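Trainee: Following this message is one structure expressed as structure tokens.
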Amino acid sequence: MHNRRVLLAAALLVSLCLTSAVAYGLPLLQDLPPVPHPVEDQEDCLACHAPDEIVPFPDDHEGRANDSCLMCHQVEAPAEIPPVPHTILDREDCLVCHDLGQVQPFPQDHEGRSSETCLVCHPAGEEGPAPTPEPTATLPPSAEVVPTPIQEPVLFEENTCISCHQELGGADAQITADWSESIHSQRGVGCVSCHGGDPTQEEAEAAMSPEAGYLGPLPKDRIPGLCGSCHSRVELMRPYDLPTDQLDQYWHSQHGQALLEGDPNVATCFDCHDGHRVLKVSDPGSEVYPTNEPAMCARCHADEALMAPYEIPTNQYALYQESVHGIALLQNQDLRAPTCSTCHGTHGAAPPGFAEVANVCGQCHATTEDYYLEGPHRFGMTTESGPRCVTCHGRYDVPPATSDLFLGTEERHCGSCHAPGSETAGRVEAIYQALSEANEVYEEADATIAQATELRLIMAEQEEQLQKARTPLIEARALQHNVDLEQIQTKTEESLELSRQALASAEAAIDELGTRRLAMTIALAVIVITIVALVLIKRQLDRDLEAKRAGRRD
């Protein structure tokens, strides 16, 4: 009976406390924040939560002992807390990489926590260099290769990496010589940024020890992530106006996808940017400078043994050299001409698909693309069998475009698709005649004006007229891609009229010059005859005068 009374009194007391807590807005036990980490081996709450410690408790908790913490704060069920995937040696400041907005940001609910709290929950990684992740195509592109988290120290006056390599000579010395010419050297990016180690140590064993974070030459599948550890950071690249999406582009490219599948033959940053001798893209000595780029790509893509497993042809470079694009770039040094990367992309290299009219060729030939999209051939963008730019102009062996493509039944010519004698073939012939006539009259006018200029005639008015004729002729040549005969004839007739006017005016000037020359010749002849006559008359008068004087003396 007594025990029942005690229990009833306790129940009433608890009920009263709960009622009062609710009435005065006090938190219930289930509303209190739980302990977010295991308590095993961490029973001393005040070690972290006392005032001025890592995560101080609220002011109203002052004076409470460790024993009272778990009376209110419940311990959460153990969760799957991810371990630290790398060694923490020389990487104690977790926020360098994991703060919000950094390389691998922590969850938002971790905001405000310091680096000292991380290892309370997250088990530390094993000591020693971080293991190299195996390439795989199943992870998000940004996670396949973890960027190497090495920070470059200040450049010391004495760098044992450089001095040792120079002493070794040969290929080892060449590495440092190449680096000294690079943009990395100019920007203070040295050996340890990529390879780790301690360049202040005199002994090689100490400089290249695991304790110094030495990684050595990295395997190929880690190179993109290594380069991306700097080139993906906006705060580092912004001062140099460099893009920061190259790493992501690379993982989506055919090169990157093949590397993720474990293919060691594909190109990485190191292969294209000349290893240790990384020069600016704008440097004519750089491997990726426009005039050097085709040969650089050909180092792999012209190698028959290397390309055989992929069934990729190896004659692209040879064809490109003879093309109108290759001649413009390689012979005429015209940097406006397209290179491999213009059409295939740089870091996101992949062959253009069947829609290359819109995605590639149209980047330079915008007006031609617009007219193509207006015409009946536009279904080539969505149908592989349809006519596209390469159908008529080729892919790598692009010759100068001429009206001869309208004639004949050879490959790339209109007759290869449209049978001779058909209605379409008749319209093709009409387009050819309109363009040819306009072009012939324009060239005749141009030649006649040049002839008149050599004759020292002023042709400013005629040259202006011919320039006006050139504009509709260019428009007509672009309009041929929409194969609208009426529009093409309208432009060619406009060009013809202006070219004929310029031609007639130049011919009239030349004819007038001939007339003036004939008149001048006659006038000169009359003048010469007059002079001769006057000379003869003078001589006769002189003789008569001499005779008179002689008669007087007699």
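The values are calculated or read from the model by the stated rules, or taken from the named source; none is laboratory data. Everything quoted here is computed from the prediction, not taken from an experiment. Here the Cβ is made from the backbone with ideal geometry for all residues, glycine too, and neighbour counts use every protein chain on show. Side chains included, ligands, DNA and RNA excluded: accessible areas come from the protein's heavy atoms. Shrake-Rupley method; radii C 1.70, N 1.55, O 1.52, S 1.80 Å.
Trainee: Do you know which residues across region 494-530 are closer than 22 Å to Ala438 by Cβ and open to solvent by 90 Å² or more (accessible area, probe 1.4 Å)? Full working, then the answer.
Mentor: Taking region 494-530 first, the residues closer than 22 Å to Ala438 by Cβ are 494-508.
Of everything in region 494-530, those that are closer than 22 Å to Ala438 by Cβ and open to solvent by 90 Å² or more (accessible area, probe 1.4 Å) turn out to be Glu497, Arg500.
Trainee: Which number in (1) modelled with pLDDT of 90 or more; (2) under 26 Å from Asp271 (Cα atoms) marks the one condition that Ala350 misses?
Mentor: It fails just one condition, (1).
Trainee: Looking at (1) over 29 Å from His344 (Cα atoms); (2) of a type in the set (Ser, Thr, Tyr); (3) crowded, with 16+ Cβ neighbours inside 10 Å; (4) out of contact with any His (no Cβ under 9 Å at 6 or more places or on another chain), which is the one condition that is false for Ser163?
Mentor: (3)
Trainee: Need pairs with beta-carbon distance below 9 Å; first residue within 13 Å of Cys269 (Cα to Cα) and within region 224-244, second of a type in the set (D, E, K, R); sequence gap 6+ or separate chains.
Mentor: Hits for this filter: Pro224/Glu144; Gly225/Glu144; Gly228/Asp248.
Trainee: Cβ-Cβ below 8 Å, separation at least six or inter-chain, first residue in region 479-504 and in contact (Cβ under 8 Å) with a residue 60 or more places away in the chain, second polar (S, T, N, Q) and open to solvent by less than 60 Å² (accessible area, probe 1.4 Å): which pairs?
Mentor: His481/Thr368; Leu503/Thr448
Trainee: Could you list, in sequence order, the residues of region 311-329 that are more than 19 Å from Gln363 (Cβ to Cβ) and open to solvent by 50 Å² or more (accessible area, probe 1.4 Å)?
Mentor: Selection gives Glu311, Ile312, Pro313, Asn315, Tyr317, Ala318, Leu319, Gln321, Glu322, Ile327.
Trainee: Within region 353-377, track down each residue that is of a type in the set (Ser, Thr, Tyr) and either modelled with pLDDT of 90 or more or within 16 Å of Arg388 (Cβ to Cβ) (or both). Spell out how you get there, then give the answer.
Mentor: Start the filter on region 353-377 by keeping residues that are of a type in the set (Ser, Thr, Tyr), which leaves 367-368, 371-372.
Residues satisfying the conditions are Thr368, Tyr371, Tyr372.
Trainee: Please count how many residues of region 471-488 are outside any helix (DSSP H, G or I) and more than 13 Å from Phe406 (Cα to Cα).
Mentor: So in region 471-488, the residues outside any helix (DSSP H, G or I) come out as 483-484.
Retained after the next criterion (residues that are more than 13 Å from Phe406 (Cα to Cα)): 484.
Qualifying residue count for the region: 1.
Trainee: Considering only region 273-296, state which residues are touching a His at 6+ places or on another chain (Cβ under 9 Å) and open to solvent by less than 40 Å² (accessible area, probe 1.4 Å).
Mentor: If the condition is that a residue be touching a His at 6+ places or on another chain (Cβ under 9 Å) and open to solvent by less than 40 Å² (accessible area, probe 1.4 Å), then Val278, Leu279, Ser286, Val288 are the ones that fit.
Trainee: Can you report the number of residues in region 275-308 which are closer than 26 Å to Val189 by Cβ, in a helix (DSSP H, G or I) and of a type in the set (Gly, Ala, Ser)?
Mentor: 0
Trainee: Another question about this same structure. When residues of region 257-274 are filtered for being touching a helix residue (DSSP H, G or I) at 6+ places or on another chain (Cβ under 7 Å) and polar (S, T, N, Q), how many remain?
Mentor: Within region 257-274, residues that are touching a helix residue (DSSP H, G or I) at 6+ places or on another chain (Cβ under 7 Å) and polar (S, T, N, Q) number 2.
Trainee: Counting only residues that are under 13 Å from the mean Cα position of the chain (by Cα) and not hydroxyl-bearing (Ser, Thr, Tyr), which one in region 236-268 is surrounded by the fewest Cβ atoms within 10 Å (Cβ to Cβ)?
Mentor: Result: Asp241.
One line per residue, one yes/no per condition, for (1) assigned to a helix (DSSP H, G or I); (2) surrounded by 15 or more Cβ atoms within 10 Å (Cβ to Cβ); (3) on the phi > 0 side of the Ramachandran plot:
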| residue | (1), (2), (3) |
| --- | --- |
| Ala401 | no, no, no |
| Glu410 | no, no, no |
| Pro420 | no, no, no |
| Ala434 | yes, yes, no |
| Glu440 | yes, no, no |
| Asp446 | yes, yes, no |
| Ala452 | yes, yes, no |
| Ala469 | yes, yes, no |
